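Trainee: Starting off with a structure, shown below.
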Amino acid sequence: MKRRLVVLTGAGMSAESGISTFRDSGGLWDKYPVEQVATPEGFAANPQLVLEFYNTRRKQLLDVKPNEGHLGLAALEKDFELRIITQNVDNLHERAGSSQVLHLHGELTKVRSTGDESLVYELSPENYEVKWGDKCEKGFQLRPHIVWFGEAVPMFDEAVEVARLADVFVVIGTSLNVYPAAGLINYVPRDIPIYLIDPKEVSTSRKDVFFIRKGASEGVKELRGKLRIEN
Ligand code: APR
């Protein structure tokens, strides 16, 4: 029985692939007002702006690729039952070969009906644009399949169950600023080792965390060494 390795990732996981984080200097929220592009109210007020914001981010996916951190995590599937819980909406974990990826905040490559949220569509890479007037099969406008601020996080309960069962828990590239995702760490049983990979200091309520003060690629390499010793 392989040990259960659970990894919570955030925007820093994709930084070395060239995708900006949100709260580092020059991050996405420095350039775009969150309330205008990542809230239901923003979409209601100016849907074209919101659709364009996500079209731009979706287009960027065509030019980036998984980094050594994504690839290093995927390779751990050989030795562990690996579950990735990501706040990221990019598809770099999947493209690196990870097979169990749970997207807490939705997925850039998917859109859904505004009239029936069970109608979710995968966009092919070349067909990455969604415009005002693009409708689902029932005639409702399509919207990004993204969890906006103020919206429910439907996958959170499943993520809690995964965190509760972890034999090892790892946090990579998240400032742990946004709930409920940031609260996941509190569901990890007290006796389970927690590693946190980030080049900067990250404050967390858990005191028993092993900090690896590095970027994702170097940090995952160091983590693999530590896990191999224990394994
Ligand atoms: N490797 C690892 N971590 C990095 C790197 C790197 N190369 N570069 C930066 N980081 C770290 C930063 O130090 C920071 O702690 O990544 C973290 C990024 O934090 P945020 O920008 O706040 O991103 P994140 O925590 O994923 O944001 C959570 O907020 O805006 C919402 O829905 C959005 O999912 C996002 C959520």
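The values are calculated or read from the model by the stated rules, or taken from the named source; none is laboratory data. All figures in this text were calculated on a predicted structure; none of them were measured in a lab. Glycine gets a Cβ as well: all are built from the backbone with ideal geometry, and neighbour counts include every protein chain shown. Side chains are part of the model used for accessible areas, which takes the heavy atoms of the whole protein and leaves out ligands, DNA and RNA. Shrake-Rupley method; radii C 1.70, N 1.55, O 1.52, S 1.80 Å.
Trainee: Could you list, bin by bin from short to long, the percent of Cα-Cα pairs of the range 33-141 in 10 Å steps?
Mentor: 13, 39, 31, 14, 2
Trainee: Something else: Can you pick out the pairs among 2/31; 31/78; 31/138; 31/110; 31/200; 78/135 whose Cα atoms lie more than 32 Å from each other?
Mentor: Listed pairs above 32 Å: 2/31; 31/78; 31/138; 78/135.
Trainee: Just report the Cα centroid separation between the range 1-59 and the range 195-231, whole Å.
Mentor: 23
Trainee: Sort the range 174-224 into rounded, prolate or oblate with this rule: let a ≥ b ≥ c be the square roots of the eigenvalues of the Cα gyration tensor; rounded if a/c is under 1.5, and if a/c is not under 1.5, prolate when a/b is larger than b/c, oblate otherwise.
Mentor: Judged from the Cα gyration tensor, the range 174-224 comes out oblate (a/c at least 1.5, b/c at or above a/b).
Trainee: What is the sum of charges, Lys and Arg at +1 and Asp and Glu at -1, for the other residues whose Cβ falls under 15 Å from the Cβ of residue 61?
Mentor: The answer is -1.
Trainee: Ranking request for peptides 89-96, 109-116: highest mean number of other beta-carbon atoms within 10 Å first, then the rest in descending order.
Mentor: Going from most to least packed, we get 89-96, 109-116.
Trainee: How would 78, 214 rank on accessible area, largest to smallest, probe 1.4 Å?
Mentor: Descending order: 78, 214.
Trainee: Expressed in nm to one decimal, what extension gain is obtained for the pair residue 138 and residue 152 from 0.36 nm per residue of sequence separation less their Cα-Cα distance?
Mentor: 2.7 nm
Trainee: Which sequence of 191, 134 reflects their accessible areas, 1.4 Å probe, from the largest down?
Mentor: Listed by decreasing accessible area, they come as 191, 134.
Trainee: Could you tell me what percent of the accessible area of the range 183-231 is made up of carbon and sulfur, with a 1.4 Å probe and every protein chain present?
Mentor: After summing per-atom areas, the C and S share lands at 54 percent.
Trainee: Restricting things to Cα coordinates, could you compute the convex hull volume per residue of the chain in Å³?
Mentor: Per-residue hull volume (Cα only) is 122 Å³.
Trainee: Same structure, new question: Could you sort 119, 62 by their accessible area in this structure, using a 1.4 Å probe and putting the largest first?
Mentor: Solvent-accessible surface, decreasing: 62, 119.
Trainee: When ligands, DNA and RNA are left out and all protein chains stay put, how many square angstrom of accessible area per residue does the range 113-231 have with a 1.4 Å probe?
Mentor: Per-residue value: 54 Å².
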